[in-house]
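The values are calculated or read from the model by the stated rules, or taken from the named source; none is laboratory data. Just so you know, these numbers come straight off a predicted model, no measurement behind them. Note that each Cβ is placed from the backbone with ideal geometry, even for glycine, and that neighbours are counted across all protein chains shown. With ligands, DNA and RNA removed, areas are computed over all heavy atoms of the protein, side chains included. Shrake-Rupley method; radii C 1.70, N 1.55, O 1.52, S 1.80 Å.
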Amino acid sequence: MNLKQLPHRITPVHLVRDGGQQHSAAYAALNPQELVPTLCHDGQVLQQSMAILEYLDELFPLPALLPDDAAGRARVRGLAQLVACDVHPLNNLRVMQFFSDTWNVPQVERDDWTRHWMRVGFDAMERMLVESVDTGRFCHGDSPSLADCCLVPQLYNARRFNLDLEPYPTLARIDAACLALPAFDTARPENQPDAA
């Protein structure tokens with residue numbers, strides 16, 4: 001929303017407070033998965049970050065989150081899905097809560113699990129970015145894309161779990177380029193209305 005400079009209203013859904021506000025009846029009526037985000041737009045209720053990002057890109061094409069060419073779009077989607085489908089689901093809150101609440105997995109083991117799967121994904125992504133002539137200031141060229149929108153939150157998460165990012169200079173460089181933009185800076189978790 002920030003990259004597209006679209007006016008919007010954020011309704012915070014705290015994932016821990018009150019047992020997780022995403023589990024409330026009102027929120028579950030909007031999103032049966034009881035996950036964030038949910039976008040309500042023009043009578044539509046949309047779930048899942050990738051679907052929301054592509055929906056916004058189709059309705060509001062500038063600035064574009066996907067390149068003009070088919071190969072470029074496939075590359076950007078592949079990078080985005082590497083994070084959104086292979087890294088993020090393995091370390092999100094509901095997985096961590098299941099490990100803790102159902103299996104009584106100690107915190108140190110949960111953290112090791114998280115860092116392991118982040119490293120697996122980031123090792124591949126670093127290599128893919130380094131080896132491609134299409135990598136620019138951002139994951140694909142010199143404008144933020146769908147891939148950057150997925151990467152930045154996951155690097156924030158990596159820092160929360162004290163993952164050593166030194167092996168990922170390209171990811172770190174792209175993250176810094178993104179966070180230098182007001183659109184990304186405004187979206188940082190600590191800048192959200194419910195951050196207190």
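This table checks each residue for (1) among the polar types (S, T, N, Q); (2) surrounded by fewer than 17 Cβ atoms within 10 Å (Cβ to Cβ).
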residue	(1), (2)
Arg110	no, no
Glu166	no, yes
Cys178	no, no
Thr186	yes, yes
Ala195	no, yes
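The set of residues in region 26-56 being under 24 Å from Leu151 (Cα atoms), assigned to a strand (DSSP E or B) and among the aliphatic types (A, V, I, L, M) consists of Leu39, Leu46.
Of the helices (runs of 4 or more DSSP H) lying entirely inside region 79-191, those containing at least 2 residues that are of a type in the set (Lys, Arg) and free of Cβ contacts under 8 Å to residues at least 40 places away in the same chain are 107-130, 146-160.
Against the list (1) closer than 21 Å to Asn2 by Cα; (2) crowded, with 19+ Cβ neighbours inside 10 Å, the condition Tyr156 fails is (2). Whether a residue is open to solvent by 40 Å² or more (accessible area, probe 1.4 Å) and among the hydrophobic types (A, V, I, L, M, F, W, C) was assessed, and Ala80 does not pass this test.
A residue that is surrounded by 16 or more Cβ atoms within 10 Å (Cβ to Cβ), modelled with pLDDT of 95 or more and either farther than 21 Å from Ala183 by Cα or out of contact with any helix residue (DSSP H, G or I) (no Cβ under 8 Å at 6 or more places or on another chain) (or both) occurs nowhere in region 135-150.
Out of His41, His14, one residue alone is open to solvent by less than 80 Å² (accessible area, probe 1.4 Å) and more than 19 Å from the chain's Cα centre (by Cα). It is His41. Among the residues of region 9-62, those identified as polar (S, T, N, Q) and without any contact (Cβ under 8 Å) to a residue 40 or more places away in the chain are Thr11, Gln21, Gln22, Ser24, Asn31, Gln33, Thr38, Gln44, Gln47, Gln48.
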